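Below is one structure; the comments refer to it alone.
The values are calculated or read from the model by the stated rules, or taken from the named source; none is laboratory data. For clarity, every value in this text was computed on a predicted model and none was experimentally measured. Please note: Cβ atoms are built from the backbone with ideal geometry, for glycine as well, and neighbour counts cover all protein chains shown.
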Amino acid sequence: MARRSTKTPPPEPFEERILDIDVVDEMQGSFLEYAYSVIYSRALPDARDGMKPVHRRILYQMHEMGLRPERPHVKCARVVGEVMGKLHPHGDSAIYDALVRMAQPFSMRLPLVDGHGNFGSLGNDDPPAAMRYTECRTAPAAGLMVESIEEDTVDFAPNYDGSEQEPVALPAAYPNLLVNGASGIAVGMATNMPPHNLGEVIAAARHLIKHPGADLETLMRHVPGPDLPTGGQIVGLSGVRDAYAKGRGTFRIRATASVEQVSARRKGIVVTELPFTVGPEKVISKIKDLVNAKKLQGISDVKDLTDRAHGLRLVIEIKNGFHPEAVLEQLYKLTPMEESFGINNVALVDGQPLTLGLRELLEVYVDHRFEVVRRRSSFRRSKRADRLHLVEGLLVALIDIDEVISLIRGSENAAAAKQSLMTRFQLSEVQTQYILDTPLRRLTRFDRLELEAERDRLGEEIEELTRILESDAELRKLVSSELAAVAKKYSTPRRTVLLESADSPVAAVPLEVEDAPCRVLLSTTGLLGRVDGEAEPSAGGGRAKHDVIASAVPATTRGEVGAVTSAGRLLRVPVVDLPQLSAAALPSVAGGAEVSEFLTLAEDERLLCLTTLDESSPGLALGTEQGVVKRVVPDYPANKDELEVITLKEGDRIVGAVELRTGEEDLVFVTDEAQLLRYQASQVRPQGRPAGGVAGVKLGDSAKVIFFGAVDPAADAGVFTLAGSRGTLTGAAATTAKLTPFDQYPRKGRATGGVRCQRLLKGEDCLVFAWAGALPARAATKAGAPVDLPEPDPRRDGSGSPMKKQVAVVAGAL
């Protein structure tokens, strides 16, 4: 057997080509290519959707995998593998790090990934688990980023090897770049953008859509500053203004801390919010180093009591003899409890890195959204037009179905049948093929009715889509309404408090206090205050001076309420300016402030009630001393701090005002002649603010109204009356009083005299005080001392019983 030769054959002859290249030119060209690749393909976000390529590819691939919020979680390793193999030709650690950040609620203001497992902790004190242990799926907000991506809304480009297609930008139904921020280091440039509040950013974008020429100051009324996921306080807003104007600026973030009694003998500083990207371990480590170096005094211990149920809670115990406020200032100065954040709004616009201000960022997003909605509408119109073409062809065939069947049966083959149908009925090839492919069971009379309904519906939809495509106003209206829907569903209250400077506790804007629900209270002695939460004040509980609540309305700490006066004026009151009361102290209004600190009233003018400024409410009901009644249409222009709610006759004044809750209440007049009139509020037609009202109760020659109010007929209510003599002060010469169930008084017609509500005894010639409302009720003297009311008397016109104290005010359950 012959042995094979192991000698290597000689190389084939070739022509040698050596190029002389200047090393400077080669280095410059290679570096520029590398720099562009890093800038465009890795480090900087696109200003349209706020995404770097890795984040965009993760969301798009998860969308393609069907990992929607209602689907089960899958291993993160599977997602990373799909992204790396199909779209992102880089290491798995870079992809997983990006995925983890999108799942961290302390990194993203609106997380895009719903993670299951250990995804790290604030400040990366506890790093996330490996991707083989964690699971994920898209968060609801991620669906907004890829919504309608299949409808030709964005351009697609080949992936790194040309085997797949990937979007160059996502449709982005909300301004993700501003909402979630971004950070990245490229070659020769970097970006660092803070997160913002979704509701505020969308409000600014909608304002820009409606007013394309809006200036920065107007936009900053909607977006006064960043809103960080970890809360805290932003101290100094000049840097924020610079960043919004020029794209660069610096501000300081301060932890939220309070002084509390942490033990029986010691006070401490309780930290509940830390600066963005700062974790408790970093703060604790720095405090311990400073204490050991004797650079920080007055601290005895530091405890991290953070848990899932209560969130961040860092307790710093203060030694006896030290002022906690002074120690807190040292902590702000020496530890990460106060950090600087440098804004550098660098993003890609048409592939070029630009430094953008707030207005430019919003403009790029709004223009992108216009293009997305325009392309989506065009795609939908095309699809509906194609379907309408098929439906119209099928309807033509159904009109003479016998002849269609005859032509098909008489044809030699399918091609001949198609040609015959096209010639006979003037159909297109597409319509004819659709008719041939339609089974006979679809050609019934019922299906014809369905097809006609579908034809009409498709025509209406095509007309609507055409109107959107041909009208810039309709397009703007649609984009604005879609943004409003996103804000309504996903916006959350502001977390970060904005302070103009560290030296002043007064916030630069009304956002100093979180826009949380509260109730604004007015006492009968003229004290105003607010209670956080939605705790309901009641007439029960312990008694205290000035604790009779006359009016209580729901509000938010950043909102406003209206104050109605006896002169027929409605004055706006900012809720944030009112003193905060303890909810545990309800129904006491002790600690409230006098009305005169917030409102300027005339000498004989008094505050009657509070009202919300919600234009969807049934509105106010007013009753005057001369017997006029009015229901006010809730139309309160936002640009006016003072409004007239009624035009009063000369010498008349409002004796009672109340905000109706349902419009089904009963209106009640009580006159000084001991007459009570009750009728349904629906008998009074609502009028505009300038109107003078209508006749409410019929009065005698010298009679006048002493009480007007509204009572829920389904509630347990009562009527309190106090008899006396004319010419005396309210309650000064009172002799007898009576409390009667409200249901003892029948309803009468509007503008009638009503029925008698108390029989006057010898020495009594009139009522000096009256009240009607929900029980239980509580009364007080003019000085605020509590007064016990008499037992209920079922006789509507009976005489009263003697009173030991003079009643000046009565209030019931609100």
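Details
- Residue match in the range 76-84 (condition: assigned to a helix (DSSP H, G or I), touching a residue at least 60 places away in the same chain (Cβ under 8 Å) and closer than 29 Å to Leu228 by Cα): yes
- Ser121 touching a residue at least 24 places away in the same chain (Cβ under 8 Å) and either surrounded by 18 or more Cβ atoms within 10 Å (Cβ to Cβ) or basic (Lys, Arg) (or both): no
- Flag for Leu390 being in contact (Cβ under 8 Å) with a residue 40 or more places away in the chain and either not aromatic (Phe, Trp, Tyr) or not in a loop (DSSP other than H, G, I, E, B) (or both): yes
- Complete set of residues in the range 748-762 that are in a loop (DSSP other than H, G, I, E, B) and not hydroxyl-bearing (Ser, Thr, Tyr): Lys748, Gly749, Arg750, Ala751, Gly753, Gly754, Cys757, Gln758, Leu760, Leu761, Lys762
- Flag for Asn176 being within 20 Å of Leu478 (Cα to Cα), buried (at least 18 other Cβ atoms within 10 Å of the Cβ) and in contact with an Asp or Glu (Cβ under 9 Å, 6 or more places away or on another chain): yes
- Only listed residue being in contact with a His (Cβ under 9 Å, 6 or more places away or on another chain) and under 26 Å from Thr355 (Cα atoms), chosen from Val223, Val240: Val223
- Restricting attention to the range 145-166, the residues that are closer than 21 Å to Ala98 by Cα and surrounded by 21 or more Cβ atoms within 10 Å (Cβ to Cβ) add up to 2.
- Single unsatisfied condition, Ile209 versus (1) in a loop (DSSP other than H, G, I, E, B); (2) under 24 Å from the mean Cα position of the chain (by Cα); (3) in the same structural domain as Pro195 (by TED's automatic domain parsing); (4) not aromatic (Phe, Trp, Tyr): (1)
- Answer residue from the range 270-305, given it is in contact with a helix residue (DSSP H, G or I) (Cβ under 6 Å, 6 or more places away or on another chain) and part of a loop (DSSP other than H, G, I, E, B) and is nearest to Pro195 (Cα to Cα) among those: Val278
- Test: residue in the range 101-119 that is assigned to a helix (DSSP H, G or I), outside the structural domain of Leu469 (by TED's automatic domain parsing), more than 22 Å from the chain's Cα centre (by Cα) and hydrophobic (A, V, I, L, M, F, W, C): no
- Unique match (being of a type outside the set (Ser, Thr, Tyr), at pLDDT below 95 and at positive phi) among Gly342, Gly393, Gly351, Gly410: Gly351
- The set of residues from the range 159-193 being at negative phi, out of contact with any strand residue (DSSP E or B) (no Cβ under 6 Å at 6 or more places or on another chain) and not aliphatic (A, V, I, L, M) comprises Tyr160, Asp161, Ser163, Glu164, Glu166, Pro171, Tyr174, Pro175, Asn176, Asn180.
- Flag for Val755 being assigned by TED's automatic domain parsing to the domain that holds Ser566, β-branched (Val, Ile, Thr), under 17 Å from Asp797 (Cα atoms) and in contact with a Lys or Arg (Cβ under 8 Å, 6 or more places away or on another chain): yes
- Filter result for Pro10 (at pLDDT below 80 and either closer than 21 Å to Ala190 by Cα or outside the structural domain of Tyr133 (by TED's automatic domain parsing) (or both)): yes
- Top-ranked residue of the range 306-332 - restricted to ones that are closer than 25 Å to Asp227 by Cβ and assigned to a helix (DSSP H, G or I), ranked as modelled with the lowest pLDDT: Leu328
- Of residues in the range 369-398 being under 26 Å from Leu475 (Cα atoms) and among the aliphatic types (A, V, I, L, M), the one surrounded by the fewest Cβ atoms within 10 Å (Cβ to Cβ): Ala385
- Within the set Leu761, Leu789, Leu767, the sole residue that is over 48 Å from the mean Cα position of the chain (by Cα) and touching a residue at least 60 places away in the same chain (Cβ under 8 Å) turns out to be Leu767.
- Scanning the range 150-172 for residues that are outside any loop (DSSP other than H, G, I, E, B) and not aliphatic (A, V, I, L, M) yields a count of 7.
- Residue list for the range 615-668, filter: out of contact with any Phe, Trp or Tyr (no Cβ under 7 Å at 6 or more places or on another chain), of a type in the set (Gly, Ala, Ser) and assigned to a strand (DSSP E or B): Ala621, Ala657
- Residues located in the range 132-157, provided they are touching a strand residue (DSSP E or B) at 6+ places or on another chain (Cβ under 7 Å) and more than 30 Å from Phe370 (Cβ to Cβ): Arg132, Thr134, Glu135, Cys136, Arg137
- With respect to the conditions (1) outside any loop (DSSP other than H, G, I, E, B); (2) among the acidic types (Asp, Glu); (3) modelled with pLDDT under 90, Asp701 lacks only one, and its number is (1).
- The residues on offer are Arg726, Arg796, and the sole one that is surrounded by 19 or more Cβ atoms within 10 Å (Cβ to Cβ), of a type in the set (D, E, K, R) and either assigned to a loop (DSSP other than H, G, I, E, B) or in contact with a Lys or Arg (Cβ under 6 Å, 6 or more places away or on another chain) (or both) is Arg796.
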